[in-house]
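Notes for the one structure printed next.
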Amino acid sequence: IQMLMENVVFLAVLFAAACHAGWNALIKVGLDPLSTTTLISIGSGLVALILLPFVGLPAWGAWPWLAASVAIHLIYFASLIESYRTGDLGQVYPIARGSAPLMTAAATTVIVGERLSLVGWTGILALVAGVLLLSARGGRDLAVVDRRAIGFALFTAITVCGYSVVDGIGARASANPNAYSVCLFIGIALVMVPYALYRDGRDVMPAMHLYWRRGLAGGALQFLSYGIAIWAMTIVPIAIVAALRETSVLFGAAIAVVLLKEPLRAVRIVAALMIVCGLILIRVQ
């Protein structure tokens, strides 16, 4: 039964990663980063609000973690938006996505007391190396090193690590990970809208008005993606879930090759093989 449950969690998180790649592809509509992020937050918040009567509220012990997570998510989105505005995406994205799982694995070892085997650590390292390679060299050459961009990327990775650890602990304290997810996304929407209005109130809402249907669909995929991850973190080590979520980069590359007809470069094949090897080792762990 335990092995069956582990297989279910493993496949569920991979499905969540595919959803993550899906909503990222869906929302590429030409909006500025602030409008895009706010639109998705509103979409996921509306989905969560609809589900609230059916899942109820989490246990009181989870509420401090929920509040902390909402705050960290706001900082994360603000950092990501600024990094995409001022930094080189080719440097920000791979560093932020690749270093976050390593930070999370280290943090959960110290804070939560989770212990991964040598096989598990090797799997995470192989997966992260594949993610870095695929993100950084899969579609373009690296630009000249930009310290500002790298700084934003590392700070963004810290926030990803922060909300991953907080949500893993909070979901376990909630006695109901689905209720935790619903309240989390409602909370994120409630802080993102005022933040967007404060930053760019004249332009952000009219820009989102044209794409509200796509925002709702993307928000639903975002809710499904991270909701599954939060549920999985109540069953398996948080670091494992954090690493598996990064396979969204692999699904994104597959979408680019199959649907967008981008060339299948050799570097993409090598990176994909590294990610698959990492997945196998993580599953063995």
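The values are calculated or read from the model by the stated rules, or taken from the named source; none is laboratory data. Source: prediction; values computed, not measured. All Cβ positions, glycine included, derive from the backbone under ideal geometry; neighbour counts span all protein chains shown. Heavy atoms of the whole protein, side chains included, go into the accessibility calculation; ligands, DNA and RNA do not. Shrake-Rupley method; radii C 1.70, N 1.55, O 1.52, S 1.80 Å.
Mind counting the residues in region 190-207 that are within 18 Å of LEU74 (Cβ to Cβ), assigned to a helix (DSSP H, G or I) and either open to solvent by less than 100 Å² (accessible area, probe 1.4 Å) or at pLDDT below 75 (or both)?
Within region 190-207, the subset within 18 Å of LEU74 (Cβ to Cβ) is 190-201, 204.
Next, only the ones that are assigned to a helix (DSSP H, G or I) stay: 190-200, 204.
If we keep only those that are either open to solvent by less than 100 Å² (accessible area, probe 1.4 Å) or at pLDDT below 75 (or both) too, we end up with 191-197, 199-200, 204.
Matching residues across region 190-207 total 10.
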- Message: Any residue that is modelled with pLDDT of 90 or more, outside any loop (DSSP other than H, G, I, E, B) and more than 12 Å from the chain's Cα centre (by Cα) - is there at least one of those in region 220-228?
- Response: no
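Do we find that LEU216 is over 19 Å from ALA105 (Cα atoms) and either outside any helix (DSSP H, G or I) or under 14 Å from the mean Cα position of the chain (by Cα) (or both) in this structure? Walk me through it before giving the result.
Working: over 19 Å from ALA105 (Cα atoms): yes; either outside any helix (DSSP H, G or I) or under 14 Å from the mean Cα position of the chain (by Cα) (or both): no.
So LEU216 fails the test.
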Taking region 220-242 and keeping only residues that are open to solvent by 10 Å² or more (accessible area, probe 1.4 Å) and polar (S, T, N, Q), one is left with GLN222, THR234
Picked from region 30-50 (must be of a type in the set (Val, Ile, Thr) and open to solvent by 40 Å² or more (accessible area, probe 1.4 Å)), the residue farthest from ILE81 (Cα to Cα) is ILE50
Next item on the list: For region 169-177, state whether one or more residues are crowded, with 22+ Cβ neighbours inside 10 Å, touching a Pro at 6+ places or on another chain (Cβ under 6 Å), modelled with pLDDT of 90 or more and farther than 22 Å from PHE10 by Cβ.
Entry: yes
Contact list, first residue from region 52-79 and in a helix (DSSP H, G or I), second anywhere and buried (at least 20 other Cβ atoms within 10 Å of the Cβ) and of a type in the set (Phe, Trp, Tyr), beta-carbon distance below 8 Å, six or more apart or interchain, is ALA62/TYR180; LEU66/TYR180; SER69/TYR163; ILE72/TYR163; HIS73/TYR163; TYR76/TYR163; SER79/PHE152
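Among the residues of region 172-185, which ones are touching a Leu at 6+ places or on another chain (Cβ under 9 Å) and in a helix (DSSP H, G or I)?
Step one: filter region 172-185 for residues touching a Leu at 6+ places or on another chain (Cβ under 9 Å), giving 174, 176, 178-185.
Of everything in region 172-185, those that are touching a Leu at 6+ places or on another chain (Cβ under 9 Å) and in a helix (DSSP H, G or I) turn out to be SER174, ASN178, ALA179, TYR180, SER181, VAL182, CYS183, LEU184, PHE185.
Condition check ((1) within 21 Å of VAL165 (Cβ to Cβ); (2) in contact with a His (Cβ under 8 Å, 6 or more places away or on another chain); (3) at pLDDT below 70; (4) surrounded by 20 or more Cβ atoms within 10 Å (Cβ to Cβ)) across all residues:
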{"site": "LEU89", "(1), (2), (3), (4)": "no, no, yes, no"}
{"site": "ALA100", "(1), (2), (3), (4)": "yes, no, no, yes"}
{"site": "ALA105", "(1), (2), (3), (4)": "yes, no, no, yes"}
{"site": "VAL110", "(1), (2), (3), (4)": "yes, no, no, no"}
{"site": "VAL119", "(1), (2), (3), (4)": "no, no, no, no"}
{"site": "LEU133", "(1), (2), (3), (4)": "no, no, no, yes"}
{"site": "GLY138", "(1), (2), (3), (4)": "no, no, yes, yes"}
{"site": "LEU142", "(1), (2), (3), (4)": "no, no, yes, no"}
